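Student: I'd like to ask some things about the structure below.
The values are calculated or read from the model by the stated rules, or taken from the named source; none is laboratory data. Quick caveat: nothing in here was measured; it's all calculated off a predicted structure. Don't worry about glycine lacking a Cβ; one is built from the backbone with ideal geometry, like all the others, and counts go over all protein chains shown. SASA here: full protein model, heavy atoms, side chains in, ligands and nucleic acids out. Shrake-Rupley method; radii C 1.70, N 1.55, O 1.52, S 1.80 Å.
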Amino acid sequence: MSYRKSFYVPEGLYFLNHSVGAKTKASDLAEQEFSQQWRELGNGAWGPWLVSLQGFRDAVAELFNCESHEVCPQPNVSAGLSKLIGALPRRAGRNVLLLSELDFPSMGFIAKQAATFGYNVKLVPAKDGVISVEDWQQHMDEQVQLVLFTHVFYGNSYQQPVEQLTKLAREKDIWSVVDVAQSAGIVPIDFKQWQPDAVIGSCVKWLCGGPGCGYLILKHDRLSLLEPTDVGWFSHQDPFEFDITHFAYANDALRFMGGTPSIQSFAVAASAIRQLTAIGLLKIRAHNLYLGDVLIEAMQANKLKVITPKAMEQRGGTICIAMAQPEVAVDSLKQKNIAVDYRPRFGVRVSPHIYNTSAELEQLITAILQLDPDVSGR
């Protein structure tokens, strides 16, 4: 069955789903409903708007196998991590935030700013684009307060064994947070199986939900220990109390909500998540793995190096191809209306989603093989 008709796929060959996923046609209705509510109800729209916001929490909970009261909408991944770090209970001697050198840069920017809370940042070095469980274990000592595990690295699409890592963190009494920005929507995720303290992610990539909507998921039995300072009226136990002298944290993850949310963004994202959930994450993943296998085998058969692992349990949804001149390669493909990109040190990134076809992939492979050998490096 072709799912392409359910999405607005850009013209040409679009393989940038690790950056911005194609808009779902079903999300048009969510936009129309929001506008109609605002237009016809004015302030009275808050009723259906709050229902819509709860709908986003419900959609995320179903996607990740968690409870909706554990989900807090966020504008982006950075906001979620920043609020979480600021809310951690202080523990004597625990002054290190542990990340990896392969994490998305903004995660490091946020951790560095936490120096104002007395934290130091340590980056676990990678070996050939991989950080082993043993490497993590070596750095997770009694000084570590929080460790960030990226599920799938943005640069080489290496998938980390999150369940093993979060178990290790629990054993060492270290707060764990998992960044799923590059895996949500393309790799099945089970929050209850992982049992991290928190998960952060966004909807703009594989979830096809657009910008301005992310999520912070918090394990319920850890919530009472977290007191965010970046709060607003939606963080209040009773947002409509309107008593400036009294504040009480919401009993669930909404204590991290802050001020007035962007309802439209979350309504659109919820619609997209429901669309992908209806298709089935296992089906989406299987399609991605099949096209990825075809691409990897074609590249290797033609002496091009693929830096993404082939093993399904070790790779995300993107295939990264090392090239001699990746920037030139991307520009050359763009001239043929083929959308891919590259990152310094990692190579050209190609991301097939459920709406990409085998025929499109074959066209991409042909175009790559037509690149000047000085550009491709083969």
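Student: Give me the net charge of residue 306's neighbourhood, meaning all other residues with Cβ under 14 Å from the Cβ of residue 306; Lys, Arg count +1, Asp, Glu -1. Don't skip to the end; give the middle numbers.
Tutor: Numbers: positive: 303, 305, 310, 315, 349, 378; negative: 128, 293, 297.
So the surrounding residues net to +3.
Student: Here's something else I'd like to know. Please report, as a whole percent, how much of the solvent-accessible surface of segment 163-308 comes from carbon and sulfur atoms (probe radius 1.4 Å). Spell out each step's value before the answer.
Tutor: Working: 3040 of 5890 Å².
Ligands and nucleic acids excluded, carbon and sulfur give 52 percent.
Student: Let me know the charge dipole size of the chain about its Cα centre in debye, to the nearest 20, where only the beta-carbon of Lys, Arg (+1) and Asp, Glu (-1) is charged. Don't jump to the answer; show the numbers that get you there.
Tutor: On the way: 34 positive and 39 negative charges, 126 e Å.
Here the size comes out at about 600 debye.
Student: Then there is this: Counting pairs of Cα atoms in segment 184-292, how many percent are more than 18 Å apart? Before the final figure, lay out the partial values.
Tutor: On the way: 3543 of 5886 pairs.
That fraction is 60 percent.
Student: What are the residues whose amide H is under 5 Å from the amide H of residue 124, where those residues sit 5 or more places off or on another chain and H is modelled from the backbone?
Tutor: 99, 100, 101
Student: Take the alpha carbon atoms of segment 72-94, find their center, do the same for segment 144-187, and report the distance between the two centers in whole angstrom.
Tutor: A separation of 15 Å, based on Cα centres.
Student: Past 20 Å, Cα to Cα, is the threshold; run 83/112; 205/303; 5/25; 172/219; 167/219 against it and keep the listed order.
Tutor: Working: 83/112 14 Å; 205/303 30 Å; 5/25 8 Å; 172/219 17 Å; 167/219 14 Å.
Violating the 20 Å limit, Cα to Cα: 205/303.
Student: Let me ask something else about it. Whole number please: convex hull volume per residue, Cα atoms of segment 1-133, in Å³. Numbers along the way, then the final one.
Tutor: Numbers: hull volume 29.7 nm³, N = 133.
Hull volume normalised by residue count: 223 Å³.
Student: Something else now. What list of ³J(HN,Hα) couplings, whole Hz, do you get for segment 192-198 from phi and the Karplus terms 6.51, -1.76, 1.60, once you set θ to phi - 60° and write x for glycine and proline?
Tutor: 5, 6, 5, 6, x, 6, 7
Student: Also, I was wondering about something else. Near residue 293, within a Cβ-to-Cβ distance under 11 Å, what is the net charge of the other residues, with Lys and Arg +1 and Asp and Glu -1? Walk me through the numbers before you get to the answer.
Tutor: Numbers: positive: 310, 315; negative: 297.
Net local charge, residue 293 excluded: +1.
Student: Can you tell me which of 342, 215, 154 moves the most in a GNM of the chain? Springs connect C-alpha atoms under 10 Å apart.
Tutor: Fluctuation is largest for 342.
Student: What are the trypsin sites (Lys or Arg not before Pro) within segment 332-366 that DSSP puts in a loop, where the Cβ has at most 15 other Cβ atoms within 10 Å? Don't jump to the answer; show the numbers that get you there.
Tutor: Details: sites: 334, 336, 345, 349; in loops: 336, 345.
Taking segment 332-366 and a limit of 15 other Cβ atoms within 10 Å, the loop trypsin sites (Lys or Arg not before Pro) found are 336, 345.
Student: Please give me, ordered by residue number, the GluC sites (Glu not before Pro) of segment 1-70 that lie in loop per DSSP and have at most 14 other Cβ atoms within 10 Å.
Tutor: On the way: sites: 11, 31, 33, 40, 62, 67, 70; in loops: 11, 67.
Within segment 1-70, the qualifying GluC sites (Glu not before Pro) (loop, at most 14 other Cβ atoms within 10 Å) are 11.
Student: In addition: Mind listing the phi-derived Karplus ³J(HN,Hα) values for segment 310-325, rounded to whole Hz, using 6.51, -1.76 and 1.60 with θ = phi - 60°, and x for any glycine or proline?
Tutor: Along segment 310-325, the couplings run 7, 4, 4, 6, 10, 10, x, x, 9, 10, 10, 10, 6, 9, 5, 10 Hz.
Student: Placing unit charges on C-beta atoms (Lys and Arg positive, Asp and Glu negative, everything else neutral), compute the dipole magnitude of segment 1-58 about its Cα centre in debye, rounded to 20. Walk me through the intermediate numbers first.
Tutor: On the way: 6 positive and 6 negative charges, 38 e Å.
Value, rounded to 20: 180 debye.
Student: Counting only complete DSSP H runs, which helices of the chain cover 20 Å or more along their long axis at the Cα atoms and score a mean Kyte-Doolittle of 0.0 or above?
Tutor: Numbers: long enough: 27-41 (21 Å, -1.29); 46-64 (27 Å, 0.47); 263-279 (24 Å, 1.15); 281-301 (30 Å, 0.58).
What comes out of the filter, once short or polar helices are dropped, is 46-64, 263-279, 281-301.
Student: While we're looking at this one, here's another question. Mean 1/r over all different Cα pairs, inverted: what Kirkwood radius does segment 128-180 give, in Å? Walk me through the numbers on the way to the answer.
Tutor: On the way: mean 1/r = 0.0880 Å⁻¹.
Result for segment 128-180 stands at 11.4 Å.
Student: If I build a Gaussian network model for the chain, linking alpha-carbon pairs within less than 10 angstrom, which residue out of 114, 61, 92 has the largest mean-square fluctuation?
Tutor: 92
Student: Stretched out fully, how many nm does the piece from residue 141 to residue 90 gain, at 0.36 nm a residue minus the Cα gap?
Tutor: 16.7 nm
Student: Step by step: find N for the chain, compute 2.2 N^0.38 Å, then divide the Cα radius of gyration by it. What's the final number? Mind showing how you got there, number by number?
Tutor: Numbers: Rg = 21.4 Å, N = 378, 2.2 N^0.38 = 21.0 Å.
The chain yields a ratio of 1.02.
Student: As a test of reading the structure, rank 34, 109 by solvent-accessible area (1.4 Å probe, protein chains only), most first. Provide the component values of the computation, followed by the final result.
Tutor: Values: 34 25, 109 130 Å².
Heavy-atom accessible area, descending, gives 109, 34.
Student: Name the residues whose placed amide hydrogens come within less than 5 Å of the amide hydrogen of residue 308, ignoring near sequence neighbours (fewer than 5 apart) on the same chain.
Tutor: Hits under the 5 Å cutoff: 320.
Student: When the chain is fully extended, how far beyond the present Cα-Cα distance does residue 238 get from residue 123, taking 0.36 nm per residue of separation? Before the final figure, lay out each step's value.
Tutor: Working: separation 115, 0.36 × 115 = 41.40 nm, distance 4.02 nm.
Fully extending the segment from residue 238 to residue 123 adds 37.4 nm.
Student: For the chain, with every protein chain kept in place, what is the accessible area per residue (1.4 Å probe, Å²)?
Tutor: Working: 16250 Å² over 378 residues.
On a per-residue basis, 43 Å².
Student: Which ³J(HN,Hα) values, rounded to whole Hz and listed in residue order, are derived for segment 117-127 from phi using the Karplus coefficients 6.51, -1.76 and 1.60 in 6.51 cos²θ - 1.76 cosθ + 1.60 with θ = phi - 60°, glycine and proline given as x?
Tutor: Ordered by residue, 3J(HN,Hα) equals 9, x, 8, 10, 10, 10, 10, 6, x, 9, 10 Hz.
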